[in-house]
1. Find how much the distance from Q209 to D53 grows on full extension, using 0.36 nm per residue of separation minus their present alpha carbon separation; answer in nm with one decimal.
2. With a Förster radius of 41 Å, plug the Cβ-Cβ distance of D63 and T146 into 1/(1 + (r/R0)^6) and report the FRET value to the nearest 0.05.
3. Simple spin-label model, 7 Å along Cα-to-Cβ: D275 to L376 in nm?
4. Please enumerate, by chain and number, the lysines with C-alpha under 17 Å from the C-alpha of K382, excluding those fewer than 8 residues away in the same chain.
5. If you take the charge dipole of the chain about its Cα centre, with +1 on Lys and Arg Cβ and -1 on Asp and Glu Cβ, which of V120, Y152, Y172 is farthest toward its positive end?
6. With the radius of gyration and the Kirkwood radius both derived from the Cα set of region 114-273, what is their ratio Rg to Rh?
7. Say each of M1 and A217 gets a label point 7 Å from the Cα, pointing the same way as Cα to Cβ; how far apart are those two points in nm?
8. At 222 nm, what value in deg cm²/dmol follows for the chain if DSSP H runs of at least 4 each add -39500 (n - 2.57) and the sum is divided by all its residues, to the nearest 500?
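Taken together, the values in this text are just the output of simple stated rules run on the coordinates, not laboratory data. Please read all numbers here as calculations on a predicted model, not as lab measurements. Neighbour counts are summed over all protein chains in view; Cβ atoms, including those assigned to glycine, are modelled from backbone coordinates with ideal geometry.
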Amino acid sequence: MLPEALPYHLKVRDHFRQQVSTWEFFAAARTREEQLAAFKTELLKNTYQFGPDTDKALYEKVDFAREKLGLGALPVTVYQAQFANDPELNASIVYLHQEAHIVLSGPIVERLNDAELLAVIAHELSHVRLFRVFDGELEVADRIITAIANNYNSEPPYFETARLFKLYTEIYCDRGAYAVVGDTGPVITSLLKIATGLREVSADSYAQQAEAVFSAAPGTQSATPTHPENFIRTRALRLWADASATDASRAIRQMIEGSPELDRLDLFAQRELNDMTQTFIREYLRPSWFRTTLVEGLAKEYYPKMAFGAPEAAEPDLSDRIAASHPSIRDYFAYVILDFVLADPSLEEMPAGRAFEFAAEMQLTSAFEPVYKKELRLSDKKWQQHKQKVHEVYASGAKD
């Protein structure tokens, strides 16, 4: 069964619904009649419009997909782009003012069989289905995150959020095509024929090829801006068809989102890292001797409202969450530790001793020690001497 939306779509919607003025501005935007008329005119200039009477087989597929997807009497018009000598196969859809316009490019009608063409049409109409649920809220969310991400002043997490939203949308629409066709094979072969231009391809062979990728590199994830790679789309579709919904969703999330990297965080991973960092610093500065004026000043540069009073209960799974993080996140936390080691020279070797102890508690020793050695420019010999001295001083002077 095709869900109304995927969890990531709902997360993005809920995030922006909390920003009331932004949400109301985009929700109030409506396609004007003159904009729709101008769009149709441009289509008529640059395409061939298929007609329901002259191209009955094509529109029968449209009607079948529309009914399966619960789109009611949605007006749908199909066009063929007029680009002579362009062999590239493609399909796209524009949804304006409660009308859908599907544009086919290249010899797609001739190249695909009936089931594959139905899969393509169903995929495109699934975009409309997604944007019509919840009274169009996901379409509003899509326009908001796309507009922000396209602004040159926008921060990287907005771009990453927009990227993931688009990737999940394509995964959803592949699932919509599968729901209409009832078989993963034509959905996969339509993707492959469009991507390669080949006349004959094997869905089963390509599915095995996709699995081979993940057998060799289990952590593989999508790196594209708008559409997941075909081997990922193929595996996601097969997982959804063959595995339990929970197992499939977990595996698909890994392929799309993966393990967040420091320079590729979406809004939600950024917020999670921010919360983890605040907890991390509080835990690190738990010993009262460590919280000098300079050290607390540095902590407030990280979080101006950070307060230190009675120690809060430690977060039990913080070290496990850090241990499971991407190496770039682990390096980031290593540098956070080092930042406080150097904050107050009057504490001498004590902060370094606390740093080694805390790195071990947070399962960060393998990340922290190379960073410490590199940034303090210690040779191998001096490194061993320094580490021994720090441990001895800290062992003799550590206190709460």
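1. Details: separation 156, 0.36 × 156 = 56.16 nm, distance 4.19 nm.
Result for the pair: 52.0 nm of gain on full extension.
2. Values: r = 30 Å, r/R0 = 0.74.
That gives a FRET efficiency of 0.85.
3. For the pair D275/L376, the computed spacing is 3.4 nm.
4. K373, K374
5. Y152
6. Values: Rg = 16.2 Å, Rh = 16.6 Å.
Rg/Rh for region 114-273 comes to 0.98.
7. Distance between label points: 3.8 nm.
8. On the way: 19 runs with 252 residues, N = 400.
-20000 deg cm²/dmol, from helical runs alone.
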